[in-house]
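Everything below concerns the one structure shown next.
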Amino acid sequence: MFRNYLKIAWRNITRHKTYSVINVAGLAVGFAAFLLIFLVVRYEQSFDQFHVHKKQLFRLIRVARNPSHENYRMGVPFPVAPGLRSNLPQIANAGAIVRDEFVQVIIKDNGSSATKRFREEEGVFFAEPQFFDMFSFPIVAGEYRNALKLPNNVLLTQRLGDKYFGHWQQATGKMMRMDGVPMRVCGILKDMPANTDFPIKAVLSYATHLSYPDLKRFMNDWGYIEEDNYCFVQLNEGDSPEQFKSQLKQYSDRYIKPFDPNYFLSIQPLNEMHFDARFGTFDGRVFSKNLILMLSTIGIFLLVLACVNFINLSTAQAINRAREVGVRKVLGSNRRQLILQFLGEAAVVSCFALFAGLAAALLVIPVINNLLDIQLTASILYGGNMILFLLLSLAAVILLAGFYPAFLLSGFNPARVLKSTLSAQQGGISLRRGLVVFQFFTAQALIIVTMVMVSQMSYVNTADMGFNKEAILTAQLPQDSVGLANQAVLRDELLKIPGIEKVSFGTGAPIGGRWFIDLRTPDHVGKAPNMIVAYKMTDTGFFNLFHLQFIAGRPYYDSDSTSEFVVTENVTRKLGYSDPWRAIGKRIIVSGLNRPIVGVVKDFHTASLRFTMVPVVMTTDKQAYGMASVKLNLVQAKPAIAAMEKLWGKYYPDFAFTNSFLDQDIAAYYLQETQLSQLYKFFAAVAIFISCLGLYGLVTFMAVQRKKEIGVRKVLGAPVSAILILLSREFTLLIGTAFLIAAPVAWYFMHSWLQQYAYHVNLGPGFFALTIMGSIMIAWATVGYTAIKAALANPVNSLRSE
């Protein structure tokens, strides 16, 4: 019997090739989109789930004591980790890790000349040995427990060991220099998996970090905070996180409150770190739970859309297959057998679609990897319980797509069918209208979401940041004695290069950098800071190169050390000066230095447009200059950059030259949103494609149902245009109905999404007008051929049976 059902199903599928191909195509596209979204969501949810103690691991965070001043920070004072181990022995462990950036690496041969030079922009950390006791990052050679207690020891990953020494097996015990500090390779870590928020390439001992001269004085300072200094704790299994939070607050009151009463310490579970944009991660990449929910919803909706499309096309054929059902019932088939037969057809089509969808997903995986910068593999489709998931999805699609058509077709009355008195309502027209509304609701909501995201990304990438970012190249400078001695001559040589128009040395561009520090006025010493400011040390060329506009005072005079301050306008406002000129000559204390304000510039952004502008203090300090910024003539940019590299090789032979354009660095702040907007474009196209297939089914059904009506109207003199309006009016109303539902839903979600940006586009009527007009135009283009064909049909053929 089952074999007979399959044989009949196959015959019906091959007999109606056009409908079968459309059904398979719609379901295959739905399956592919659903699987790709599922793989992306599953990948993001897998971050740091491989750690043995993942449920007991927590990151320390800083929480503002005043609830009205939400301030989400992760960095903690240096004494916190050892203090927790000694003062709260009930915890299983605690360990600190701090990120380093733009590290220069030199590998020397047996002589004294440098043989290899590298620059690691990211992936270098300082860590206590306790960190590796808590986290499951395997070490494959050497050891860390004793080595990371001492300065000048480093762990490398296998990949970095191969890069530096040819083979990681030969790296243990070798010597190297990192930022001028001699380091011994004490062990090799297994390469980090892709799904971790710890992008570790090299780990220097925490003792090395604390041995640096400019940090030694902060080793026991409870008031100093380095924002990249993270502390993780491991609780004993069964311990209450809430109870530990209470203990941690008491600990904060005892040790931290006397130095800074504005915050206390709390904890964040490791399994929430990847999804919480308030605190972020070391690489700045987070994937919010709201985003996971949104993607999951889109995936389910796309698959349901494909099923709806199947239902639409199946019920569109209902009248054509009514006589077949009537004959089968007269010959003895019962309703159960007919339902099984039609479900069998749905199963065959769904199986073809699943295999086609799998093939499409495999082809698109590399594109998704490149687009989202993730590492999905083809094997993930066959690993673990994925096969079971695919089978369950297939069963759900078969039931969802096949049950209603099977129920509808099997319910026809054989007497009425064979007498040709079957009504249109038995073809499921009312439900099909609702399904088309659902399809276009989903498609239009996705269109609005995509347009808003693309518009916001365009806005943030072209918005006025308060400084010039075009054609500016940044390159790191060495900060050792050789680098400091050659700064003046390097500046002169750079200005001689054709294509370089301006040069500035400093700690970096206006945007970027995480050096935030207290600002106090002389009458506020010993009290809570007046404000937290971004602290930038630059030469006098900084203002001209980046086009910073003075509204009061003057630039500071060129000096090797700090003698004067220039501040942004919001500093003067927070100090209580409505007129910036009144702040000129007033003294402020920053980084322990009491100096006068000599100039005020207009506010500018130091971070992405997610955040409001922060107050900025600028000054000179030659020893802090670690970055050269140059304004290029883009016509001569390529030879100018090559000439810069030669200069670096001449004056800094042990220093690797690397560079980046500032506008590209700023664009990287919004990389994830830009990637997702491209992904939403794809999903919106998929939704439109499937919706148009469903609309095609509806118009085909309407043309068949109203064939005789159209013939009568033509005989009575109705023009072709009137017939086209007759057929298009209904689906236009359905699209309008879908829009009335989609618009408020999309507005709500995108209004919430835009709130994460302090500066964003207006969610105006333009997005919605374009959506409805575009939807109607696409729909008309889809059904135009079918409608015109029906309108031009010879009425004699449709009325002949009468």
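The values are calculated or read from the model by the stated rules, or taken from the named source; none is laboratory data. Predicted, not measured: the structure shown is a model, and the values here were computed from it. We place every Cβ from the backbone using ideal geometry, glycine too, and count neighbours over all the protein chains shown. The protein model used for the area step is the full one, side chains on, heavy atoms only, and it has no ligands, DNA or RNA in it. Shrake-Rupley method; radii C 1.70, N 1.55, O 1.52, S 1.80 Å.
Of note:
- Our note on the geometry: Cα centres of segment 463-487 and segment 258-292, 31 Å apart.
- Net charge dipole size for the chain [Lys, Arg +1 and Asp, Glu -1 on Cβ; Debye, nearest 20]: 3600 debye
- Checking every one of the chymotrypsin sites (Phe, Trp or Tyr not before Pro) in segment 571-677 against DSSP loop status and a limit of 14 other Cβ atoms within 10 Å picks out 611.
- Partners of residue 638 within straight-line reach, counting lysines whose Cα lies under 22 Å from its Cα and excluding those fewer than 8 residues away in the same chain: 469, 496, 502, 646, 650.
- Relative packing of peptides 194-201, 684-691, 349-356 - highest average C-beta neighbours within 10 Å first: 684-691, 349-356, 194-201
- Mean Cβ count within 10 Å, highest first, over the residues of peptides 529-535, 252-258, 507-513: 507-513, 529-535, 252-258
- Prolate/oblate/rounded call for segment 222-273, Cα gyration tensor, a/c under 1.5 rounded: oblate
- DSSP H segments from the chain that extend 30 Å or more along their own axis, Cα-based, with Kyte-Doolittle mean of 0.0 or above: 17-45, 289-316, 335-372, 386-410, 429-462, 671-705, 720-754, 765-792
- Cα gyration tensor, segment 129-197 - rounded (a/c under 1.5), prolate or oblate: oblate
- Cross-link reach list, lysines versus residue 190, counting only Cα pairs under 20 Å and skipping chain neighbours closer than eight places: 54, 163, 174, 201
- Residue-normalised accessible area of the chain, expressed per residue, 1.4 Å probe, Å²: 44 Å²
- Burial ranking of peptide ranges 259-269, 223-233 (average Cβ count within 10 Å, highest at the top): 223-233, 259-269
- Each of 584, 756, 609 was scored by the projection of its Cα onto the charge dipole of the chain, and the greatest displacement toward the positive side belongs to 756; charges sit on the C-beta of Lys, Arg, Asp and Glu.
- Taking the chain and dividing mean pair separation by its residue count, relative contact order in percent (alpha carbons under 8 Å, at least six apart): 15 percent
- Here the Kirkwood formula puts the hydrodynamic radius of segment 180-282 at 16.9 Å, using every distinct Cα pair.
- Net charge over other residues, Cβ less than 12 angstrom from the Cβ of residue 560 (K, R count +1; D, E count -1): -2
- Scalar couplings 3J(HN,Hα) for segment 606-612, obtained by applying the Karplus form with A = 6.51, B = -1.76, C = 1.60 to θ = phi - 60°, are 10, 8, 5, 6, 5, 10, 6 Hz; x denotes Gly and Pro.
- Tensor-based shape of segment 572-652 (alpha-carbon gyration tensor, a/c under 1.5 rounded, otherwise prolate or oblate): prolate
- Spherically averaged projected area in nm², based on the convex hull that wraps the Cα atoms of segment 446-504: 6.6 nm²
- A simple count of charges around residue 90, restricted to other residues whose Cβ falls under 14 Å of its Cβ and scoring Lys, Arg +1 and Asp, Glu -1, yields 0.
- For residue 126, net neighbour charge (Lys/Arg +1, Asp/Glu -1) across residues whose Cβ lies under 9 Å away: -1
- Alpha carbon centroid spacing (whole Å) that separates segment 600-673 from segment 538-594: 21 Å
- Rounded to the nearest 20 debye, dipole of segment 175-322 from Cβ charges on Lys, Arg, Asp, Glu: 320 debye
- Compactness of segment 520-570 as Cα Rg over 2.2 N^0.38 Å, two decimals: 1.33
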